[in-house]
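A short write-up of the structure that comes next.
The values are calculated or read from the model by the stated rules, or taken from the named source; none is laboratory data. Everything numeric here is computed off the predicted structure, so don't read it as measured data. Neighbour counts are summed over all protein chains in view; Cβ atoms, including those assigned to glycine, are modelled from backbone coordinates with ideal geometry.
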Amino acid sequence: MATGNAGNASITNLTETTFLKNDNSLYCFRGTLDYIQQFQLFLCFINPVFALIGLILNIISMIILHKNQLKKPSNLLLFALMVADTMNMMVNLNFSYMLKYFGPVKTKPGYCTWEYGITVNTIIYGYYQLCFFIGTWGHCVNATIPVIITLERALAVFLPVTFTKLVTTRSALVSCSLVYIGWLVWNCFTASIGKVVHIEVSSGKFVSINTATDFFRQNYALIYIFYVYVAESLASWVPICLVILGCIAIGIRVRVSLLRRKRLSGIKAKLKWSPRTTRTLVTTCLIFAVTHAVNSFISAFVPISDTTPVLTYFLVYLAEFINLINCSSNFFVYVLCNRNLWNIFKDLITWP
């Protein structure tokens, strides 16, 4: 098959008859052409539109945080999370998908190939890898920063006296830097196990696909185990559990403090929890936990089957869309949960 040859050489000869009729390994998806094109439509056009909207909202959020004293540890953590969210969106802004699925010179609809000549295909592949690298890096960081935010709020609630000594601008900056650097190493490795392969389908006509290197094929079992049980866990279930447990502990602590204050003051009216910073940060972390839990559940437990392509495509798209919601939601959390940030936003949009 073509992919078998493609794994051993950068340029592979393949007769056009085989390419067009017999080789299903070059198909992007299974199922009828209508279902394939509907899914590709969402992947290539609908998701990028939402990603562009989310990108604009994230830029506005960064400006708001910058105007609200970025040196504050809480604002610095939120800014680092916002950068990771923006990076994560690059997966959905990968316009090489459009050229792969809906190219103007497609030999056959449904094939996962670029068909623009070796030079142009290589450039497109470079852009594909860049978007994939930045997106997956942001996805991993996006899952880790909420753990630091939850820890920071837990220290503020449980250790209010020593909080300012433990949580400083420097400690927040160092923590975020370590997260970015740590996941950078892993993503450099994942980027190194892919390559572009040029396949000659007829005399002088080449198509190109992205595939794995020989190193990945030879060490597939070990890499797969490390990816599933280490990297994927650290980027999904571990931070989800830590954030949920942390938010529950913070909620219980706040509730106990309110009841104690009510009892000591003798006030019969219901006391309300008012700290804006804690409410903003905890809400951000809870949205992360819910969206990532659904996304991770779909990725881990929903079977990918050729016999149910419609359900498979829908669930894959749903997971991507939920990820976009997570990356775009922080703006609404900031302006709805924090009056200071809302006032800054109003000043930005108010005509002078």
* Structure fact -> Checked pairs for region 153-179, first surrounded by fewer than 13 Cβ atoms within 10 Å (Cβ to Cβ), second β-branched (Val, Ile, Thr) and in a helix (DSSP H, G or I), C-beta under 9 Å and 6 or more apart or across chains, list as Phe158/Ile250
* Asked: Has region 32-51 got at least one residue that is outside any loop (DSSP other than H, G, I, E, B), at pLDDT 90 or above and charged (D, E, K, R)?
  -> no
* Collect the residues in region 60-105 that are assigned to a loop (DSSP other than H, G, I, E, B) and over 18 Å from Tyr334 (Cβ atoms), keeping them in residue-number order. => Asn92, Leu93, Asn94, Phe95, Phe102, Gly103, Pro104, Val105
* Thr190 being over 24 Å from the mean Cα position of the chain (by Cα) and assigned to a helix (DSSP H, G or I) -> no
* Mind listing just one residue for me: the one in region 209-232 that is crowded, with 16+ Cβ neighbours inside 10 Å and within 30 Å of Leu155 (Cα to Cα) and, of those, nearest to the chain's Cα centre (by Cα)? => Glu232
* Structure fact -> When every residue in region 342-352 that is under 11 Å from Ile60 (Cβ atoms) and at pLDDT 85 or above is compared, the one nearest to the chain's Cα centre (by Cα) is Phe345
* Out of curiosity, is Ala249 touching a residue at least 24 places away in the same chain (Cβ under 8 Å) and of a type outside the set (D, E, K, R)? -> yes
* Structure fact -> Pro160: passes all of (1) out of contact with any Leu (no Cβ under 7 Å at 6 or more places or on another chain); (2) assigned to a helix (DSSP H, G or I) but (2)
* To do: For region 298-320, state whether one or more residues are more than 23 Å from Ile244 (Cβ to Cβ), at pLDDT 75 or above, surrounded by fewer than 16 Cβ atoms within 10 Å (Cβ to Cβ) and among the charged types (D, E, K, R).
  => no
* Condition met for Ile118 (buried (at least 19 other Cβ atoms within 10 Å of the Cβ) and either at pLDDT below 85 or under 19 Å from Ile193 (Cβ atoms) (or both)) -> no
* Asked: Is there any pair linking a residue in region 328-352 that is closer than 27 Å to Val91 by Cβ to one that is among the aromatic types (Phe, Trp, Tyr) and at pLDDT 85 or above, with Cβ under 6 Å and at least six apart or on different chains, and which?
  -> Val335/Trp342; Val335/Phe345
* Structure fact -> Of Ile124, Ile148, the only residue that is under 26 Å from Phe321 (Cβ atoms) and either outside any helix (DSSP H, G or I) or not small (Gly, Ala, Ser) (or both) is Ile124
